[in-house]
Amino acid sequence: MRRNSMILALVTLALGAASALADGLTFSATLDCKSTNGTVIDMPLSSFNFATTQLIDPNTGLPTGKIVSSLKFGYNFSRFYKQLQSAAENNQTFSSCTLMQTIESVTGITSLRWGFSNATLTDLSLAGQEGSSGSLQSTGTLTFKSVEFN
């Protein structure tokens, strides 16, 4: 029941953020991760979304009972790409990550914080062309074992 409530809350927040952007409100998000070897990554994000995937047994086609949670994020290509690329290539574990989202409106500022533990970078890609829009867009996916919502 708690998992269903969390998923509903995340869907509601995502829809709320999309609605806020449509209404002319400003949105910002940052991702701060600390790895087990001391690497710190603290970067602004251009987008993010959450996903939960039910694993399927390839032999039977039935659910295994295991669920994988992940955070897909977008950011402007920057000095962080090399750090993230190194983390992905070395299968580095981030002991803690914090995603902070801020929505600013005429009535005030709303901040949301998600905390993740035992996260690994499972996907990293680069899209666009330098100069076409002024910057390259990059995306990454963090897969994590637990999440805390504040």
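The values are calculated or read from the model by the stated rules, or taken from the named source; none is laboratory data. Note that this is a predicted model, so its numbers are computed, not measured. Quick reminder, even Gly has a Cβ in these numbers, built from the backbone with ideal geometry, and neighbours come from all protein chains shown.
The rows are residues; the columns are (1) free of Cβ contacts under 8 Å to residues at least 12 places away in the same chain; (2) of a type in the set (A, V, I, L, M, F, W, C).
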| residue | (1), (2) |
| --- | --- |
| G65 | yes, no |
| S70 | no, no |
| S78 | no, no |
| Q83 | no, no |
| N91 | no, no |
| F94 | no, yes |
| I103 | no, yes |
| T110 | yes, no |
| R113 | no, no |
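Condition (residue is at pLDDT 85 or above and more than 17 Å from the chain's Cα centre (by Cα)) applied to segment 36-52: is it met by at least one residue? Scanning segment 36-52 turns up no residue that is at pLDDT 85 or above and more than 17 Å from the chain's Cα centre (by Cα).
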